[in-house]
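*Asks:* I have a structure here, written as structure tokens, and I will follow up with some questions on it.
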Amino acid sequence: MSAATSLYSCLAVSGSGQGGLGFIPTLAFEFDFTSAILGGAVALIVGVLAGFAFAKAVTGQSLSRAKSEAAEITRRAQDDAKSAVQRAELDAEKRNLDKKEKLEQEWNTQREKLRSDEQRLGKLQDSIERKLEDLTRKEQQLDKQVEASKTREAAMAKREGELTEIIGEQKAKLLTISGMSIEEAKALLLQRVEDDSRQEMSKVVRKVIDEADSHAKEKAREITLMAIQRYAAEHTAESTVRAVPIPSDDMKGRIIGREGRNIRAIEKATGVDIIVDDTPGVIVVSCFDKVRQAVAVESLQRLIADGRMHPARIEEVVEKVRSEIDERIVKYGKDAMMEINLRGVHPKVSEAMGKLHFRTSYGQNVLRHSMEVGFISQLIADQLGFDGTLARRCGFLHDIGKAMDQDVEGTHPKLGMDFAKMYGEKEPVLNAIGGHHGDIPATSFYTPIVMAADAISSARPGARRDSLEKYIQRLEQLQDIALGHTGVNEAYAIQAGREVRVMVDARKVSDDESMLIAASIAKKVSEEMTFPGEIKVTVLRETRAVEFAR
């Protein structure tokens, strides 16, 4: 702003404050230039002074307020500092008190622990002192006993020497009186002791056997008879056909064919031996494999009925018959499973059981025998309180190893056990299959049940047939085993080899010794012979008193 403007502003302000003099603007325009400049300078000076005064006043007030605020802030800070110091002192004092209480508690705990340890050590020390006193007292007693033992030992040694002299004198006197040497006297004494021991042993054995028989025979007989009577099976044994009838002897030539090509074709296709001899009206089919034998027999029957006989026709018929036989095997297995009511059996196991329809054992059909053993096992298990279904399964599958072909080596119990294990059968069944002939130890009650059922099925009348030569050999072997015992005079095998009766010398064998002879013969027969069922051993001792009246 210019000086003139400032001066005008000041005059205007002062004029308005004095009642609004309206002549001042007019006078301002009338002043000359110099007066204007002078007035402006004056106004400028006045304005500067007023500004300084105003600024000083404002600054003074600000300083006063600042000082008062600073004082207030300082006072508040001092108060806050004092409060903080007081709080810190209180917190420190509280922490010190807490630490003091904690230390006192720990000290009290340690003091109680030390006091209890001191008491326990005191008791332990008292116990140790008492034990030391007991040990000292026992040691004194042992010393006394040792002294007494030494005294007794010396006395016994003295007496032993005296007894040795007396025994020597007695031996000399006895040898002089009896006229026997020491070795002869010992032998006589041992013989008497052996005879006395044998008599006592015979009595004990007879008593034990009588007690066992009285408890076991009645129950065993009841269970066995119940199982046999409840299972009604046919007693006729099925025989596998070996001879094929022919309408005339001219058919033999056609079967043989030109230069034997027909019979060679049949043998090659079926794996059997065809025997064409002078026997009228039949030809014989020989083969150990009953399935192949059945294929050959049925093929021959169809070829003979058809009348066409040449190698191509033979192969065609044999192949067709073999396919039908395989289907029958599967059907036989399924029918048997349904008849015996078994579930969860693998198809391969069922097929293997179907093959047993063509197998025989001593003329007995193995499949029918297996079913019979299964039913008898179930009946015995039911009587004993075991699982009849599991027993039936064990008995039915026990001879499955007989379905294996000849190219697989091993006994039929082991083969059957391995085969059944391969197709999911569990342990009780596997042990019954592998142990029904005693090849492996029995691990369950079902194995001896199957063994008993197998013996019942094999031993019943009409179940099996054997050749005359083997029958005579078995009887002779049975009699020879009985005659091999000391004191036996005669032995006779009776009831088709189911019983052997032994006659002993009454002067050499007592009643109790006859029991031992019977047990020994039975044991030896079981170890050396193979037979179905059981063989009864009866020992007869007879004393005859003969006098003549004259």
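The values are calculated or read from the model by the stated rules, or taken from the named source; none is laboratory data. A quick note: this is a predicted structure, and the numbers were derived from the prediction, not measured. Because the Cβ atoms are built from the backbone with ideal geometry, glycine has one as well, and the counts that use them run over all protein chains shown.
*Asks:* Can you tell me which residues in the range 293-346 are exposed (fewer than 15 other Cβ atoms within 10 Å of the Cβ) and of a type in the set (Ser, Thr, Tyr)?
*Replies:* Of everything in the range 293-346, just one residue is exposed (fewer than 15 other Cβ atoms within 10 Å of the Cβ) and of a type in the set (Ser, Thr, Tyr), namely Ser323.
*Asks:* Against the definition (modelled with pLDDT of 85 or more, more than 32 Å from the chain's Cα centre (by Cα) and either surrounded by fewer than 14 Cβ atoms within 10 Å (Cβ to Cβ) or not charged (D, E, K, R) (or both)), how does Val349 come out, yes or no?
*Replies:* Details: modelled with pLDDT of 85 or more: yes; more than 32 Å from the chain's Cα centre (by Cα): no; either surrounded by fewer than 14 Cβ atoms within 10 Å (Cβ to Cβ) or not charged (D, E, K, R) (or both): yes.
For Val349, the condition - modelled with pLDDT of 85 or more, more than 32 Å from the chain's Cα centre (by Cα) and either surrounded by fewer than 14 Cβ atoms within 10 Å (Cβ to Cβ) or not charged (D, E, K, R) (or both) - is not met.
*Asks:* Could you identify the single residue in Asp512, Asp505 that is touching a residue at least 40 places away in the same chain (Cβ under 8 Å) and not hydrophobic (A, V, I, L, M, F, W, C)?
*Replies:* Asp512
*Asks:* When you check Phe419 against the structure, is it in the same structural domain as Ala455 (by TED's automatic domain parsing), under 20 Å from Ser458 (Cβ atoms) and surrounded by 19 or more Cβ atoms within 10 Å (Cβ to Cβ), yes or no?
*Replies:* So Phe419 fails the test.
*Asks:* Enumerate the helices (runs of 4 or more DSSP H) found wholly within the range 235-342, keeping only those where 1 or more residues are closer than 18 Å to Leu356 by Cα.
*Replies:* Passing ranges, in order: 290-306, 311-340.
*Asks:* From the set of residues in the range 429-454 that are part of a helix (DSSP H, G or I) and among the small types (Gly, Ala, Ser), which is surrounded by the fewest Cβ atoms within 10 Å (Cβ to Cβ)?
*Replies:* Ala452
*Asks:* Further question: Scan the range 370-414 residue by residue and report those that are part of a loop (DSSP other than H, G, I, E, B) and small (Gly, Ala, Ser).
*Replies:* Answer for the range 370-414, where residues must be part of a loop (DSSP other than H, G, I, E, B) and small (Gly, Ala, Ser): Gly385, Gly410.
*Asks:* Would you tally the residues in the range 345-369 being free of Cβ contacts under 8 Å to residues at least 60 places away in the same chain and assigned to a loop (DSSP other than H, G, I, E, B)?
*Replies:* 1
*Asks:* Is one or more of the residues making up the range 417-428 modelled with pLDDT under 85 and in a loop (DSSP other than H, G, I, E, B)?
*Replies:* Within the range 417-428, none of the residues are modelled with pLDDT under 85 and in a loop (DSSP other than H, G, I, E, B).
*Asks:* Something else: Out of the residues in the range 479-532 that are among the β-branched types (Val, Ile, Thr) and assigned to a loop (DSSP other than H, G, I, E, B), state the one that is surrounded by the most Cβ atoms within 10 Å (Cβ to Cβ).
*Replies:* Pass one, the range 479-532, residues among the β-branched types (Val, Ile, Thr): 481, 486, 488, 494, 500, 502, 504, 509, 517, 521, 525, 530.
Those left that are additionally assigned to a loop (DSSP other than H, G, I, E, B): 486, 509, 530.
Details: Thr486: 11, Val509: 20, Thr530: 7.
Of everything passing the filter in the range 479-532, Val509 is surrounded by the most Cβ atoms within 10 Å (Cβ to Cβ).
*Asks:* Also: Within the bounds of the range 264-273, is there any residue that is at pLDDT 75 or above, within 30 Å of His369 (Cβ to Cβ) and hydrophobic (A, V, I, L, M, F, W, C)?
*Replies:* Among the residues of the range 264-273, at least one is at pLDDT 75 or above, within 30 Å of His369 (Cβ to Cβ) and hydrophobic (A, V, I, L, M, F, W, C), which makes the answer yes.
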